[in-house]
Amino acid sequence: MQISTDTRSHYERIGGEAKVRQLVQRFYQLMDALPEAHGVRKMHGVDLKRSEDKLFMFLSGWMNGPQLFIEKFGHPRLRQRHMPFAIGDTERDQWMMCMTQALQDVVEDEALRKELVAAFGKVADFMRNKA
Ligand code: HEM
């Protein structure tokens with residue numbers, strides 16, 4: 001694997017707040033629209049706005065930008081917060097399909113895109129809580 005020599009944060013490289021917002025909007029648009037993502041879509045409420053805001057705040061900090069989620073809600077305890085939902089390989093793959101497509105649509109920098117797909121993949125793997 002090629003090691004990136006870009007020392008800037010993912011937050012800076014993606015293009016800051018506006019781009020993180022755009023990524024999250026596109027992600028939930030895709031989750032809402034793609035029949036293949038129906039399994040994960042139906043775990044969420046009818047209105048995706050709240051999920052969108054929370055994911056935006058989380059990703060801002062996760063990409064080493066402002067720690068918006070922690071400031072508002074405290075430590076994310078992300079795995080624990082996902083326990084109410086049954087997440088296995090299928091759900092992980094559906095989530096990752098939407099995120100990979102959203103990255104494709106929003107992030108022009110291919111190297112950054114690859115790094116983010118790998119990083120999201122690790123978190124998504126870790127969210128699995130059923131066989
Ligand atoms: C692996 C598949 C995943 C599934 C099926 C899944 C599903 C969900 C669901 C159903 C919610 C609740 C939505 C709501 O209450 O509005 C949620 C919340 C959330 N998810 Fe995921 N998720 C997954 C992976 C991830 C990953 C990889 C991340 C971060 C990179 C993430 C970050 C979040 C955050 C920040 C919240 C809000 C937590 C809160 O309620 O405070 N999720 N997720």
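The values are calculated or read from the model by the stated rules, or taken from the named source; none is laboratory data. A quick note: this is a predicted structure, and the numbers were derived from the prediction, not measured. A quick note on method: Cβ atoms are made from the backbone with ideal geometry, for glycine too, and the neighbour counts reach across all protein chains shown.
Determine whether region 76-87 contains at least one residue that is of a type in the set (Val, Ile, Thr), at pLDDT below 95 and not in a helix (DSSP H, G or I).
No, every residue in region 76-87 fails to be of a type in the set (Val, Ile, Thr), at pLDDT below 95 and not in a helix (DSSP H, G or I).
Looking at 113, 128, which one is modelled with pLDDT of 95 or more and not in a helix (DSSP H, G or I)?
Exactly one of 113, 128 is modelled with pLDDT of 95 or more and not in a helix (DSSP H, G or I), namely 128.
Which condition does residue 70 not pass, out of (1) of a type in the set (A, V, I, L, M, F, W, C); (2) over 21 Å from residue 9 (Cβ atoms); (3) assigned to a helix (DSSP H, G or I), if it passes all the others?
Condition not satisfied by residue 70: (2).
Yes/no per residue for (1) of a type outside the set (D, E, K, R); (2) in contact with a helix residue (DSSP H, G or I) (Cβ under 8 Å, 6 or more places away or on another chain); (3) assigned to a helix (DSSP H, G or I):
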| position | (1), (2), (3) |
| --- | --- |
| 13 | no, yes, yes |
| 18 | yes, no, yes |
| 26 | no, yes, yes |
| 31 | yes, yes, yes |
| 40 | yes, yes, yes |
| 45 | yes, yes, no |
| 50 | no, no, yes |
| 60 | yes, yes, yes |
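Can you name the residue in region 1-22 that is exposed (fewer than 14 other Cβ atoms within 10 Å of the Cβ) and of a type in the set (S, T, N, Q) and is also modelled with the lowest pLDDT among such residues?
2
Where residues in region 1-35 are of a type in the set (Ser, Thr, Tyr) and over 17 Å from the mean Cα position of the chain (by Cα), which of them is farthest from residue 51 (Cα to Cα)?
5
Quick check: is even one residue across region 97-107 outside any helix (DSSP H, G or I), of a type outside the set (A, V, I, L, M) and closer than 23 Å to residue 17 by Cβ?
No, region 97-107 contains no residue that is outside any helix (DSSP H, G or I), of a type outside the set (A, V, I, L, M) and closer than 23 Å to residue 17 by Cβ.
Could you check how many residues of region 70-110 are more than 21 Å from residue 60 (Cβ to Cβ) and small (Gly, Ala, Ser)?
2
Can you tell me which of 80, 101 is surrounded by 13 or more Cβ atoms within 10 Å (Cβ to Cβ) and polar (S, T, N, Q)?
101
Restricting attention to region 59-86, report how many residues are more than 9 Å from the ligand (Cβ to nearest atom) and closer than 16 Å to residue 18 by Cα.
8
Which ones in region 23-37 are closer than 14 Å to residue 90 by Cα, touching a residue at least 12 places away in the same chain (Cβ under 8 Å) and surrounded by fewer than 19 Cβ atoms within 10 Å (Cβ to Cβ)?
36
Would you check if there is a residue in region 112-130 being farther than 20 Å from residue 13 by Cβ, more than 9 Å from the ligand (Cβ to nearest atom) and surrounded by fewer than 16 Cβ atoms within 10 Å (Cβ to Cβ)?
The answer is yes, given that some residue of region 112-130 is farther than 20 Å from residue 13 by Cβ, more than 9 Å from the ligand (Cβ to nearest atom) and surrounded by fewer than 16 Cβ atoms within 10 Å (Cβ to Cβ).
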